[in-house]
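One structure is given below, encoded as C-alpha cells.
The values are calculated or read from the model by the stated rules, or taken from the named source; none is laboratory data. Model, not experiment: these values are computed from the prediction. Here the Cβ is made from the backbone with ideal geometry for all residues, glycine too, and neighbour counts use every protein chain on show. All accessible areas refer to the heavy atoms of the entire protein, side chains included, with ligands and DNA or RNA removed. Shrake-Rupley method; radii C 1.70, N 1.55, O 1.52, S 1.80 Å.
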Amino acid sequence: MELCAVFFSSAFSLLLLLLLLLSAANDVVVSAATSPPLKFGINYGQIANNLPHPTQVSGLLQSLSVNRVKLYDADPAVLAAFAGTGVEFIVGNEDLHNLTDARKARAWVAQHVQPFLPATRITCVTVGNEVLSGKDTAAMQSLLPAMQSVHQALLDLGLAGRVNVSTAHSVNILATSYPPSAGAFREDLAQYIQPLLNFHAEVGSPFLVNAYPFFAYKASPASVSLPYVLFEPNPGVRDPATNLTYDNMLYAQIDAVYAAMKAMGHADITVRISETGWPSKGDDDEVGATPQNAAAYNGNLMKRIAAGEGTPLKPAVPVDVFVFALFNEDMKPGPSSERNYGLFYPNGTPVYNIGFDAASFSPSPTTSTFSSSSRPTSTFLMGVVVLLAAFLL
C-alpha cells in the first residue's frame with residue numbers, strides 16, 4: 001500500500017513537472033510571436049526564377065518581426081498573401097506614360113490598390129524609379145504629372161488619407177554631397193526637382209532616396225575609409241560649416257539631401273532611404289563585395305535603426321530605411337553584385353549572419369525558416385502529459 005502511494009505521489013510530481021515544462025514551452029512560443037517589430041523595412045524584389053511562394057515569404061517576414069515591405073510593382077499574389085498580417089506595403093508602378101492619363105491612373109489604383117485595402121496595409125505608391133538620374137527626358141517630364149494623377153485617383157477613391165504618393169531617386173541627383181551642409185541638387189535637374197518638392201510639401205509625402213555607400217567605396221577604395229562606410233569605429237568626418245561630425249557615409253548623404261532641399265526652400269519634407277544595402281559577392285573588380293562586409297554594413301545599420309538613431313543634423317528624427325534586399329535575385333542583369341544583395345537565399349536560409357538573435361532574426365543555415373522548431377517540442381510534451389494523466393486516472 002505504501003509502495004503504491006509512493007508510486008502515485010512520484011507520478012503526480014512528474015505530471016506537475018511536465019505541466020510546468022509545457023507552460024514554459026508555450027511561453028517561449030508566445031514570446032517569439034509577440035516580439036516587437038523591427039524598425040527597418042525590406043525591399044522584396046522578384047527578378048528571379050527560384051523564389052518561394054508569397055505565402056511562405058509572409059511567414060518568413062512575420063517570424064522575423066519585419067512589418068514594412070517595399071515592392072517594385074503591385075503583385076496581387078503578394079498583397080493577398082499578406083492580408084491580415086499588419087505588414088505595411090509600398091507598391092510601385094513604373095508605367096509613367098499611362099499614369100499621366102488621369103483615367104488610366106484611376107483605373108490602375110482601382111484595380112491594384114483599392115481591392116486589397118484595408119486587409120493589406122498599403123501606405124504608399126511609388127511612381128517610377130530613379131527617373132531623374134536616367135537619360136530619358138520624356139520620362140522626367142512625365143514624372144510629376146504621373147504622380148499628380150495617382151494622387152488625384154487616391155483622392156477620388158477616398159484613399160488619400162491612408163495612401164500617399166512618392167518616387168525613389170538615386171543619390172546621384174546630388175551635384176554636391178560633401179560636406180553635407182553644402183548638399184545641392186544637379187542644376188540640370190532643378191526644373192524637375194523644384195516642382196516635385198512643392199508637390200511633396202503639399203501632399204505630405206516623403207522624399208525617397210536610394211543610397212549605396214558601397215558604390216563610393218568600390219569606385220575609390222584607396223581614398224574612402226571602409227570603417228566609415230560600414231558603420232564601424234572611425235574618427236569621423238567633421239562638417240566645417242556646422243561643426244557636426246559624421247561617423248558614416250549614409251548619414252552624411254541623408255543630411256546632404258536635407259541641405260539640398262533647404263536650398264530650394266523646403267525644410268518641411270521628410271527624407272527616407274528607400275534602398276540601401278551591400279552585396280555579399282561581386283566580380284573581380286567589385287572591391288569590397290564580400291559576406292563579411294555585407295554582414296557588417298547591414299548588421300551595424302540595423303542596430304542603429306533599432307536604437308532609434310537620427311542623423312547629426314536631425315538627431316530627433318529616427319533614420320527610416322528599407323534594406324535592399326530580401327532575397328538574392330538570380331535573373332538581375334549587370335555585374336555579379338546585382339544578384340547578391342539578398343539577406344536570404346531563396347530557400348529561406350541566411351546568406352550571412354547579421355548579428356541578431358537566431359530566434360528573432362537569423363535562422364540556422366541548416367534549417368529552413370519556413371518551418372517551426374518550437375511547435376514539435378510543445379506538442380511532444382502535451383502528448384506525454386495526456387498519456388501520463390490517462391495512466392493515473
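Numbers for the structure displayed
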item: Index of the failed condition, G84 passing every other in (1) in a helix (DSSP H, G or I); (2) open to solvent by 20 Å² or more (accessible area, probe 1.4 Å); result: (1)
item: Members of region 318-339 that are open to solvent by less than 30 Å² (accessible area, probe 1.4 Å), of a type outside the set (A, V, I, L, M) and under 20 Å from N353 (Cα atoms); result: F322, F324, F327, N328, E329, S337
item: Selected residue [under 23 Å from V87 (Cα atoms), hydrophobic (A, V, I, L, M, F, W, C) and either touching a residue at least 24 places away in the same chain (Cβ under 8 Å) or touching a Lys or Arg at 6+ places or on another chain (Cβ under 7 Å) (or both)] from A168, A146; result: A168
item: Region 300-347, residues that are in contact (Cβ under 8 Å) with a residue 40 or more places away in the chain, assigned to a strand (DSSP E or B) and more than 21 Å from L226 (Cβ to Cβ); result: P318, F322, F327, F344
item: Residue under evaluation T137, criteria (1) more than 26 Å from V66 (Cβ to Cβ); (2) surrounded by 16 or more Cβ atoms within 10 Å (Cβ to Cβ); (3) of a type in the set (S, T, Y), criterion not met; result: (2)
item: Pairs where the first residue, in region 250-262, is within 9 Å of P180 (Cα to Cα) and the second is open to solvent by 10 Å² or more (accessible area, probe 1.4 Å) and among the basic types (K, R), C-beta under 8 Å, 6+ apart; result: D255/K314; Y258/K314
